[in-house]
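Heads up: the structure comes next, in structure tokens.
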Amino acid sequence: MASLLLVAACGGGQPTEPAGTHGGHGGPPSPTATGPRAGSASLGTQLTSMNQVIDWVRQKTGACADAKTVSKSELPGYLGELRAKRYEPFIAEWATCAVPEHAKIGLVLFTPDKIKELQRFWLRGLGEGSLTENPDFGFGNGFAVTSAEFGTEKLGLRHLWCKPVKGVQADTFPADAEGCVFAALPGHH
């Protein structure tokens, strides 16, 4: 199965102001003892366009020069039918590109204000038994990478845990929906 990446920012890996933009959407500082420590706003600057997501990935990886936006109808072919069905209602746009060690990653831009709905959907699914695991994307403020490992380990993004993960030491703070947290494993934030 193709490895997809959604880009998300967190603590030490949050996005910087995209090239060619100035002010207006700078977002909150990284989560610190004095900064925000709850919700998507704590993940750094909110990215609101796919061009911003692509630029951010380029800045972080020095790659992604072949980025191309992809139609939503192609999402199931890339993510698989089940994963696409879970994530598609919350996605505004998505794109793919190559980065070191990955021939193709997926970059996801969420529909504004849909990240909280995604969290509530996940909590409901876990409670009803239709979902058994946490989301498998790496999350940032308004965007994600489809491979949580690449997103969290290489890009400084956060896991979204709506189901407790036992025996794992992580830096967590509350997500937008009560019962979910954004998590970074040691050395990945």
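Every number in this text was worked out from the coordinates using simple rules, so none of it is lab data. Here the structure is a predicted model, which means the values were calculated and not measured. Note: ideal-geometry Cβ built from the backbone for every residue, glycine included; neighbour counts use all protein chains shown.
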**segment 86-189 - Rg (one decimal) and Dmax (whole number), Cα, Å** = 13.4, 39
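If you average 1/r over every pair of different alpha-carbon atoms in segment 24-171 and take one over that average, what Kirkwood value in Å do you get? Don't skip to the end; give the middle numbers.
Numbers: mean 1/r = 0.0628 Å⁻¹.
For segment 24-171, inverting the mean 1/r across all distinct Cα pairs yields 15.9 Å.
FRET efficiency for Ala92 and Asp171, Cβ-Cβ distance as r, R0 = 22 Å, nearest 0.05?
Details: r = 28 Å, r/R0 = 1.29.
The computed FRET efficiency comes out at 0.20.
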**Asked** Please identify the GluC sites (Glu not before Pro) of segment 80-189 that satisfy two criteria: DSSP loop assignment and at most 13 other Cβ atoms within 10 Å. Which are they?
**Response** Glu101, Glu133, Glu178
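Per residue and in cubic angstrom, what volume does the convex hull of the Cα atoms of segment 69-128 have? If you can, show how the numbers build up before the last one.
Details: hull volume 5.9 nm³, N = 60.
Cα convex hull per residue, to the nearest whole number: 98 Å³.
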**Complete:** Cα-based Rg then Dmax for segment 136-178, in Å, read 10.4, 29
